[in-house]
Every structure is written in structure tokens, then in C-alpha cells.
Amino acid sequence: MAQITLAQAAAWCGGAIDPKYADVAFYGANNDTRKLEPGQLFVALQGVRDGHDFIPMALEKGAAAVLCTHCDGDYPAIVVEDTRIAMGQIARAERERLGLKVVGVTGSVGKSTTKEMIAAVLETTYRVAKTPANHNNDIGMPMAVLSIPEGTEIAVLEMGMNHFREIAYLTNIARPDLAVIINIGTMHIEHLGTQEGIRKAKLEILEGLQPGGTILLNGDDDMLWPVRNELNVPYVYFGEKNSDCAVCATDVMMDENSLSFRVNAGQETFGVCLALEGEHYVPDALAAVSVGLQLGVSPERISEALGCFKNMAGRQEIFEAKGVTIIKDCYNAGPESMAAALAVLGKKSGRRIAVLGDMLELGQRAPEEHYRVGCLAAKQADILFAYGPNSAKMVEGAVSGNMQEAYAFSDRQALAGQLKKMAKPGDTLLFKGSHGMHMELTLELFLATDA
């Protein structure tokens, strides 16, 4: 990764340094001493704990310098009023210094998968960096920028949010050349009020778009298709169901192990086959195809990259254990991704068991959305195990859909215990819920051998 001196960083963020440390250099940044690597800048953030309390530990672990609001000793440091804002300012300046292209990715559902697919396509032709794991917020994304290696040609940066102006902050750091909005769902509606509010927040990505930059949009999304009439920047639509899109998927076919379709984009037509299950991956793949074509990647390389694509851990991992098939999709959940995951479960042979945790940040819509997911579960599963404060509402929906076995739990151990008793060889079990419900822990309890 690139080397930045304290003198450079201080100039970029308006911070103060001791002149004797001006030439001290750091590589990347981190706010967590547990993950800090030698040579990084330790960022002392104010959170549940005061990051300044961890400065001695950070220095012991090899931090090159510290970004802080006050110094309590003699060590390399940049002193600023607000460490979070200063880190963003340093990241923006570093992004400009690197002189690379940036693809910004946002959306309600599937943005991490889309980011990974785009990176996989671009890696066939360019030196690519991407935001790791879920580093898509006002702390993680700037740290990702500061970790971009020298010589990188394109960075794929994911941008998440749950309040207005968060995407605006991120896009003005990333300054994307291409911006992708994969969809407008209902996640975070608690803070944004309506889907129109969510769309407005996602469209903030345009505020940082480079002059001459292009936005790529899902033309199958009813909230995004009308946006074309309001845009004053170049745009490209991709889609399966809307034939007016510039990049279209046709002949979509699914089986238990793969998803395939043909791409039609102007004069280009070619096939794509992914080792993923579910039609909900079509827009993600089409976004990657569209970005690849925009940046000159050949159709042959696009097809090859998507054919080899493997999703991130926690996102539709399918494996066999204890005689049953497990679909581990525990990273996050909203109404749209729940419906997609249940559709995949519904295509499985044998008895199908949905183990679903609550969907968070739905505000006043939580009861009706959990009821609706319960209704969907009744169509796609034989048994429902629901976990969390809204589990009774989910069960109510399932029962209304004539599901005979639907159970609500407020205790994770009790759920796992009952599931162990009921699961039989040949069953397929889907584990899914919002990140805060930690359904991966429920899965671990189910798989654990009883003492």
C-alpha cells in the first residue's frame, strides 16, 4: 500500500504535528488495536470506548503514528479536532493522489455481492482493489481507501448507509468514475421513512461523481427506472425484465446448482453461467457485466470471471452436515433478501426448514413485513423456526398460509435444541436473519455435538 508521511497527512486534514516527526510514514489505517498491523496509522475514534485509551497499546503493536485529538506523550501523532472527519479528508486526498479509477457501489440488497462480482470481472484486465468484507461505512470505507496498494488501476468501493447524507459523505471521499445502484428496497426504512426516502439517499452517490462519470442502474427496479428522466449525467440501465435496458439478460435458466443467461448489449451477445442459486443474482451479475463493458473488459473475460465467481463467507454458503443440507445466509436480511433466500429453499427437494431471525431497522413496518415473510415461508418451506421479538408475527403469517408447523422462539438455545430433535437426514435448512440477530450462532449451536 502507499506510503504517506505525517507532513502530507497533516496538510490534507489541517492537523498539527511535531516537526521532528514530519517524515514519519504510515501504510494504511486502523481504529482497532486487535486488527492493527505494524506500520499503520492508529485512528483514535470516539465510540463506546474512547480510542485514545488504546494509544499505548497501538504503539506497542507497532503503529507508525496516531491520529488523535490530544497527545499525552511524545510519539508521532497528527492532532485534529475530529479524527473521523480527518481520516476522511486524508482518504480523499490519497484517492486523488493515486490517480486511479473508482467504481462506487450501493443499493439496499446485494451490494457486497455486486462489489465482489465487479471486482472479479475487472481483475481479469486491471490491477484492482476493493473494500474488504463490510467496510462500507464512514469508518471502514476511508480505511479501505488508505489501504489501496500503489499501482492499483481501479478501486471498487462499496457504500452503505442507514441515514440521509451518509452516502453523500462517502461519495465525496471516493469520487467515483462509475456509480452503481443495484436496487431500492426497504432496509433502513426506519430511519428514511419511505422507499422514496431510500432512493433519495442512494442517489446521493451522484454528488461525488467525477465530471463525465456514468451511473449504472437496475432497470427492473420500479424505483430506479423513472430516475432516467431526472438525471443530468450519462446513464446505463441493465435488466432482465425490461427490454429497454442497454444491457439485457435473456434466456435465464436455473437449476439446483447454477444460474445461466445470455447478455445482449448493443453489438455484443454472450453467455454467462454462475455457480450460484437464485434468480436474484441476475441484477448483481448484470451490474458486473455492465461495468466490465464500460471499462473495456472483453465478453470472454467477463464470462470466465463470473463462471469462476465464489460469494463471500456467510452469503449463501451451501454445504452438507449431519445428514442435512445447510444454506447459510446469515450476513444480513431485509424483506427482499428474505424472499430471495426462501425462493432458493423452495426449489430444494426433501423437507425444507426455514430458520429465520428478525429483520431489523424496519420501524413501524416491522410487524407487517415479518407477517409477509411468514406468508412467503408457508409457500416455500415445510417448517418455520422464527427467532426474535417479531417471531410471533412471522409465525402468524406462516399459519395464515396454512403452514402446519411454525414455531416462535426468544431463546437461541431452545431453538437449536428443538431443531436438533426435528431435523432429519435429507432435510434442507435455511439460516437467515439480520446481522444483529447472529443466526450464524444459531447454526453453530445446531451443528455442535451434545456433550
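Some notes on this structure:
- Condition check for Thr5: of a type outside the set (Asp, Glu) and in contact with a helix residue (DSSP H, G or I) (Cβ under 8 Å, 6 or more places away or on another chain): no
- Residue check for Gly363: in contact (Cβ under 8 Å) with a residue 60 or more places away in the chain, over 26 Å from Lys310 (Cβ atoms) and under 25 Å from the mean Cα position of the chain (by Cα): yes
- Counted residues, the range 332-356 - those being over 15 Å from Glu277 (Cβ atoms), open to solvent by 20 Å² or more (accessible area, probe 1.4 Å) and in contact with a helix residue (DSSP H, G or I) (Cβ under 6 Å, 6 or more places away or on another chain): 1
- Taken together, the residues in the range 39-49 that are assigned to a loop (DSSP other than H, G, I, E, B) and at pLDDT below 95 amount to 3.
- Search result, residues across the range 14-64 that are closer than 24 Å to Ala93 by Cβ and among the hydroxyl-bearing types (Ser, Thr, Tyr): Tyr21, Tyr27
- Count - residues of the range 110-128 that are of a type in the set (Lys, Arg) and outside any loop (DSSP other than H, G, I, E, B): 2
- Entry remark, the range 236-264: residues being outside any strand (DSSP E or B), without any contact (Cβ under 8 Å) to a residue 60 or more places away in the chain and either of a type outside the set (D, E, K, R) or closer than 20 Å to Ala340 by Cβ (or both) number 9 in total.
- Output for the range 25-38, where each listed residue is surrounded by 20 or more Cβ atoms within 10 Å (Cβ to Cβ) and either in a loop (DSSP other than H, G, I, E, B) or without any contact (Cβ under 8 Å) to a residue 12 or more places away in the chain (or both): Gly28, Asn31, Leu36
- Qualifying positions in the range 104-141 - touching a His at 6+ places or on another chain (Cβ under 9 Å) and either over 26 Å from Gly278 (Cα atoms) or buried (at least 23 other Cβ atoms within 10 Å of the Cβ) (or both): Ser108, Val109, Gly110, Met141
- Looking only at residues of the range 240-258 that are modelled with pLDDT of 95 or more and within 24 Å of the chain's Cα centre (by Cα), we find that the one that is nearest to Ile215 (Cα to Cα) is Val247.
- Looking across the range 265-285, the residues that are in contact with a strand residue (DSSP E or B) (Cβ under 8 Å, 6 or more places away or on another chain), assigned to a helix (DSSP H, G or I) and in contact (Cβ under 8 Å) with a residue 60 or more places away in the chain come down to Glu279, Tyr281, Pro283, Ala285.
The values are calculated or read from the model by the stated rules, or taken from the named source; none is laboratory data. Here the structure is a predicted model, which is why all the values come from computation and not from measurement. Counting neighbours? That spans all protein chains shown, and the Cβs are built from the backbone with ideal geometry, glycine included. Accessible surface is based on the protein model in full, side chains and every heavy atom, while ligands, DNA and RNA are left aside. Shrake-Rupley method; radii C 1.70, N 1.55, O 1.52, S 1.80 Å.
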